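Derivation of every value follows stated rules applied to the coordinates shown; laboratory data play no part. In this text, all values refer to a predicted model and were calculated from it rather than measured experimentally. Note that each Cβ is placed from the backbone with ideal geometry, even for glycine, and that neighbours are counted across all protein chains shown.
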Ligand code: GUN
């Protein structure tokens, strides 16, 4: 192995230590950070994610409430709950777990969250603020990736950064954050021709596609920083990323593992965003 490992587990643990301290300080002032998590339906993966988020909140000393709604919940019922949470001063952050069941309009639900409580950073107002260079909430996964890049010490000014996957949750905000740090950014999508040629140019490669092991060592520039956002479960039950770790680690300069890479960072940045929501609410 030539690449150095970027341990999300370690970085997350050290960040959570300072988050807990700040949470304790705010609690002593009468402002215990509060996060409300809403889950509609019984999607098993979403249940695991949501449980992990609530657990992490509790460990950090936050007040976390879990709102589990039936799969046949109506749009009006869900909007009514979001409205109540918007009005609750003990709730600083609201997260509606996606994807929602097909009969619900995710866009409308996200827009109904008060933008100052949108700790996911998915509201159009927060997406717009990020785009125009004055972010309020940065979506948790790309925010975590930026922290990991900081740890490597890579100079992003003028670097070639390639992001694979153009979702609203990861790829688009990731590209914007890298651009704001002075990188030359290429945002690839499922229609991109000659993906390998783009990857090969990347000093920083962020992969968020959801396809097991699709990026192999021969597609990576020697010494590149490779960030694997994918978490895929194989038929044998094992977890793997979008990057073929075994071949990539022989070429990259830095690489994130799966599990133990970006995953723990995403939840940590959710805690960070909730803290920031409290801090802004008492300014
Ligand atoms: N589903 C997958 N990732 C996320 C996330 O970061 N936030 C929410 N709300 N739902 C998700």
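Suppose we keep just the DSSP beta bridges with both residues in the range 141-283; what percent of those would be antiparallel, to 5? Looking only at bridges with both residues in the range 141-283, the antiparallel portion is about 10 percent. Ranked by the mean number of other Cβ atoms within 10 Å of their residues, highest first, the peptides 187-199, 267-279 come out as 267-279, 187-199.
The antiparallel fraction among DSSP beta bridges confined to the range 38-188 stands at about 0%. Scaling the Cα radius of gyration of the chain by the globular reference 2.2 N^0.38 Å produces a ratio of 1.00. Binning the C-alpha pair distances of the range 30-114 at 10 Å intervals from 0 yields a P(r) profile of 17, 51, 28, 3 %, listed from the shortest bin outward.
Could you identify which residue out of 48, 206, 225 has the top mean-square fluctuation in a GNM of the chain using Cα springs shorter than 10 Å? Among 48, 206, 225, the largest mean-square fluctuation in the Gaussian network model of the chain belongs to 48. Relative contact order of the chain, taken over Cα pairs closer than 8 Å and 6 or more residues apart, is 22 percent.
The ranking of 256, 9 by Cβ neighbour count inside 10 Å, starting from the fewest, reads 9, 256.
Of all DSSP beta bridges confined to the chain, the antiparallel ones make up roughly 5%. When the chain is treated as a Gaussian network with alpha carbon springs shorter than 10 Å, the biggest mean-square fluctuation among 120, 242, 105 belongs to 105. Extension gain for residue 29-residue 63 works out to 10.8 nm (0.36 nm per residue, less the C-alpha to C-alpha distance). Sorted fewest first by neighbouring Cβ atoms within 10 angstrom, 73, 132 come out as 132, 73.
R0 = 25 Å: FRET efficiency of residue 83 with residue 280, Cβ-based, nearest 0.05? Result of the calculation: an efficiency of 0.75. Binning the C-alpha pair distances of the range 139-263 at 10 Å intervals from 0 yields a P(r) profile of 15, 51, 31, 3, 0 %, listed from the shortest bin outward.
For the chain, the longest principal axis of the C-alpha atoms and the axis of helix 44-59 are separated by about 70°.
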